[in-house]
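Before any comments, here is the structure.
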């Protein structure tokens, strides 16, 4: 834990292909039950106990389950609220481990810093006063989660720009250290080799904790029948609409574009990977479940691919906030087949809902 804090340093037409397959969709009631993928820690599918065990084995450093849960909570906030990749979140955690060993109650009197990221202004303002942006000056986890979020959407927004989309946990750690912690890479306090090693270890642990899925965008168990209790849901008509040939046939992005188009809803032909739909400029996005919207899963969320994320189509929303989605390219389902899945209330409110035009 360092004594001083430095200032901020500065995607041929595909219609013929598609029409050659038989769309395997079963519609109606029956006794089919739904199975919803269950993820802990807001999209990171690993328990604190498992994280503790693997981290200790890989680093040789003892870690309590409480501290492991704290790390998972901060990673979840970064991924779910700020659209960080698993790599980006891992880099951030590596720096946090350097700063406080995942102890959000840690205080360093000599630098006047405290908390998960050792923010300045705790006992003195010798290195600034970042605690001034906190809702309260208390060593509580939720206060610190909110402080981080406040900074990442205001004075430290450039950190989000640099780290959120990172595909390299080691680079993410270096960038977080330089641009969020304010420590130059050349500074010995950075401990570059340490944070790079920890970032890779953390990424491997979190990645291995995800469910296994198909090559691009699978998110867990789905059904080719609409679950009982969801009323009448229209079938996808099987058309590859104009503008969809920018997406690979059968991928989640291709399906959502065409399903939306069938219902008179327009998305851009270049929305990006599944996780990027919520970041596309010009679209209204929120965490509030909404019928007939694109549902974007950030990387690693609810078992989605840690690199590409996932996107599905929200068919219906129940009064309790649970949702029914339709999707393509999911595990155990033949290629080019529409599948349905129910997402529970708690998970549903963590996803991003993108309104088309």
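Rule-based calculations on the coordinates, nothing more; no lab input. As the structure is a computational prediction, the values presented were derived from the model and not from experiment. Note: ideal-geometry Cβ built from the backbone for every residue, glycine included; neighbour counts use all protein chains shown.
Which distance in nm do the two modelled labels at residue 64 and residue 269 give, with both placed 7 Å along the Cα-to-Cβ direction?
With each label point 7 Å from Cα toward Cβ, the separation is 5.7 nm.
Multiplying the sequence separation of residue 129 and residue 189 by 0.36 nm and subtracting their Cα-Cα distance, what value in nm do you get?
19.6 nm
Taking the mean number of other Cβ atoms within 10 Å as a proxy for protection, how do you rank 159-170, 53-64, 177-188 from highest to lowest?
Final packing ranking: 159-170, 177-188, 53-64.
Rounded to the nearest 0.05, what FRET efficiency do residue 290 and residue 138 have when you use their Cβ-Cβ distance and R0 = 56 Å?
My answer for the efficiency is 0.95.
Between segment 65-129 and segment 170-205, how far is it from one alpha carbon centroid to the other, in angstrom?
Cα centroid of segment 65-129 versus Cα centroid of segment 170-205: 13 Å apart.
Highest mean first, how do 256-266, 136-146 rank when packing is the count of other Cβ atoms within 10 Å averaged over residues?
256-266, 136-146
Using 0.36 nm per residue of separation minus the Cα-Cα distance, give me the extension gain between residue 167 and residue 50 in nm, one decimal.
Gain on extension, residue 167 to residue 50, equals 39.7 nm.
How much length would be gained if the chain were fully extended between residue 204 and residue 228, taking 0.36 nm per residue of separation minus their Cα-Cα distance, in nm to one decimal?
Gain in length upon complete extension: 4.8 nm.
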